[in-house]
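What follows is a single structure, written as structure tokens, with notes after it.
Nothing in this text is a laboratory measurement; each read-out follows from the coordinates by a stated rule. Keep in mind the model is a prediction, meaning the values are calculated, not measured. Glycine also receives a Cβ, built like all others from the backbone with ideal geometry; neighbour counts cover every protein chain displayed.
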Amino acid sequence: MYLLRLALASLGNRRFTALLTVFAIALSVCLLLAVERVRSEARASFANTISGTDLIVGARSGSVNLLLYSVFRIGNATNNIRWDSFEHFAKHRQVKWAIPISLGDSHRGYRVMGTNPDYFSHYRYGRSQPLNLSQGRAFADDPFEVVLGAEVAEALHYRLGDQLVLAHGIATISLLKHDDKPFRVVGILARSGTPVDRTLHISLAGMQALHIDWQNGMPARGAGKVSAEQARALQLQPEAITAVLLGLKSKIATFSLQREINEFRGEPLLAILPGVALQELWSLMSTAEQALFVVSLFVVLTGLIGMLTAILTSLNERRREMAILRSVGARPWHIASLLILEAFSLALAGVLLGVLLLYLGIAGAQGYVQAHYGLYLPLNAPSPYEWSLLGAILAAALLMGCIPAWRAYRQSLSDGLSIRL
């Protein structure tokens with residue numbers, strides 16, 4: 001214990017350098033733990049971009065492609081699904097609910113999705129969190145009503161009651177617009193940190209009304225043109241949709257229904273499990289994830305090297321101190337142990353301060369990060385893996401402390417009371 005008290009007293013005499021070293025280690029530890037926590041929560045959040053949906057059904061293509069356009073609104077479907085095929089599986093004895101999705105249009109770079117009111121009732125994200133409206137209501141009987149995602153409303157400064165015009169196709173600037181059929185904003189969704197925030201939601205009837213007078217990708221002219229009022233009076237039944245989200249009555253039936261859909265004779269369909277497809281997609285991005293972790297490890301290593309440099313730099317200045325300790329009975333191994341304890345104390349203080357900074361940062365930014373990025377950062381105790389990282393940092397500090405300890409040991413043997421400065 002006396003060696004520890006002596007080490008702390010020695011650090012106290014060099015408090016300014018010691019505090020800078022501790023702070024550098026604390027920042028690097030905080031960064032490492034923050035990156036690790038964000039990595040783990042981002043993976044969980046990514047896996048929970050869609051939650052509670054048992055199967056996603058689309059035209060036969062690849063599982064990642066189907067996931068990208070149906071959930072992330074990235075890319076396009078290779079083909080559509082006939083409406084009668086949707087009704088066939090929506091009425092299946094194992095299906096609890098079915099949400100049709102129709103894609104194809106956009107508004108100033110944001111995707112437009114046609115669906116039905118079940119979307120707002122059954123769609124889940126995160127840890128089975130439902131979609132909530134921050135303002136207004138969901139679309140109802142009028143086909144020309146739109147519900148905006150939070151990011152769309154914020155970026156384009158839309159409010160309830162505003163009118164907007166949708167564009168044909170997917171582009172930031174489009175030359176083909178449905179300007180004869182404007183939509184009215186009736187609702188704005190609360191921010192979820194998912195692709196829902198970047199989506200404009202309309203009814204399937206509204207999607208059908210937009211294209212009722214279009215042929216071969218071009219609007220009709222003259223007598224063939226259908227106005228918004230005329231469209232409201234028509235039977236707006238879609239002929240095809242892009243994809244279907246299915247919720248089942250029993251999880252046990254998931255694989256049997258998936259096989260039944262994949263073998264459906266009516267048309268070529270593909271059913272995927274969202275969780276499996278999300279993990280497959282995440283694995284494609286694992287290189288960037290690992291690179292971020294490696295960078296944070298190097299930052300920690302830099303902090304420890306800074307500690308080593310500070311201790312080594314002070315050795316020549318402390319040779320008289322070591323000689324005095326030898327004169328009062330300290331052995332060379334006492335001197336070496338003193339420097340190892342100093343290195344360990346600096347690292348331990350840095351680790352503790354780093355953990356404290358991490359939790360202060362999480363407490364301060366938790367609400368903002370969840371609202372804007374959909375990441376929930378819990379104030380939990382460090383996980384076993386995080387404990388192992390902290391232990392590895394302390395072990396590395398001990399090993400680095402052995403370098404100045406060995407040098408001090410050799411100097412204390414050769415110096416005695418005759419100090420060569």
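Structure notes:
- Counting every other Cβ atom within 10 Å of each residue's Cβ, Phe16, Phe144 order from fewest to most as Phe16, Phe144.
- Gain in span if fully extended, Ala363 to Ala381, counting 0.36 nm per residue against the direct Cα distance: 5.2 nm
- Pairs of Cα atoms nearer than 8 Å and 6+ residues apart set the relative contact order; for segment 55-272 it is 32 percent.
- Shape category assigned to segment 92-220 from the gyration tensor of Cα positions, a/c cut at 1.5: oblate
- Local net charge near Ile202, Cβ-Cβ under 10 Å (Lys/Arg +1, Asp/Glu -1): -2
- Summing charges over all other residues whose Cβ lies under 15 Å from the Cβ of Gly187, with Lys and Arg as +1 and Asp and Glu as -1, gives -3.
- With the simple spin-label model, which puts each label point 7 Å out from Cα in the Cβ direction, the Gln135 to Ala395 separation comes to 5.5 nm.
- 15 Å beta-carbon shell around Trp97, net charge (K/R +1, D/E -1): +3
- Packing-based exposure ordering (other Cβ within 10 Å, fewest first) of Cys30, Cys402: Cys402, Cys30
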